Amino acid sequence: MNTTNKSCGCKCNAKKNLYDFEVMAQGGKTLKLDTFKDKVVLIVNTASKCGFTPQYADLEALYKKYHDKGLEILDMPCNQFGGQSPESDAETTEFCQLNYGTEFPQMKKCEVNGDNELPLYTWLKAEQGFKGFDEGHKLTEILDKMLREADASYDKKPDIKWNFTKFLINRSGEVVARFEPTADMTRVEEAIVNLL
């Protein structure tokens with residue numbers, strides 16, 4: 001039975017944690033996220049031609065360092081921000097592996113905002129809304145200006161603002177943190193270590 005989910009305001013079955021969702025893996029196979037029970041999961045919407053794309057190196061370093069301790073990273077390529085992920089799924093994977101040696105799972109390209117957004121992202125954004133870009137980052141002022149010109153009240157909405165927004169999920173499948181792309185990766189690492 002469909003009911004109104006108070007946390008996201010939508011008419012959907014109430015979702016309690018990560019394990020209630022599934023996404024499309026590359027090749028069109030469904031990946032049920034209960035596969036990651038008892039893991040710490042970092043979910044990142046990515047793009048191959050973005051100023052933040054070098055974060056792939058940081059993500060791979062985290063994956064190598066903590067995967068054996070229970071960290072999983074889900075790469076969710078998305079072309080909604082400046083058209084910065086225009087390639088096919090296979091081309092995106094090849095780019096990431098050749099340039100950054102990525103080994104963590106990469107999903108099928110998806111949408112994270114709007115009418116066609118993944119239900120996973122509807123839930124993530126309802127659990128952890130936008131709290132602002134990190135002061136002091138060299139791109140904060142540029143992002144704020146660009147987004148405010150498009151929507152004067154952009155900062156009051158939970159939508160994903162740009163590529164490389166990260167959601168951290170604990171071992172119980174609950175969203176415990178959201179990091180904007182301007183977040184220092186040492187902060188992301190510290191939060192991961194606290195959950196491991």
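Tabulated results
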item	result
For the chain: accessible area per residue (Å², 1.4 Å)	51 Å²
Rounded accessible area of S172 (nearest 10 Å², 1.4 Å probe)	70 Å²
Label-to-label distance, nm, for residues given as D151 and V176 (7 Å Cα→Cβ offset)	2.9 nm
Accessible area of region 70-190 belonging to carbon and sulfur atoms, whole % at 1.4 Å probe	48 percent
Spin-label model distance (nm) - E87 vs A61, 7 Å beyond Cα toward Cβ	2.2 nm
Relative contact order computed over the chain (Cα-Cα under 8 Å; 6+ residues apart), in percent	26 percent
Cα→Cβ-extended label distance, 7 Å offset, between T186 and D68, nm	2.5 nm
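The values are calculated or read from the model by the stated rules, or taken from the named source; none is laboratory data. Keep in mind the model is a prediction, meaning the values are calculated, not measured. Glycine gets a Cβ as well: all are built from the backbone with ideal geometry, and neighbour counts include every protein chain shown. For the accessible areas, the whole protein counts, side chains as well, though only heavy atoms, and no ligand, DNA or RNA atoms are used. Shrake-Rupley method; radii C 1.70, N 1.55, O 1.52, S 1.80 Å.
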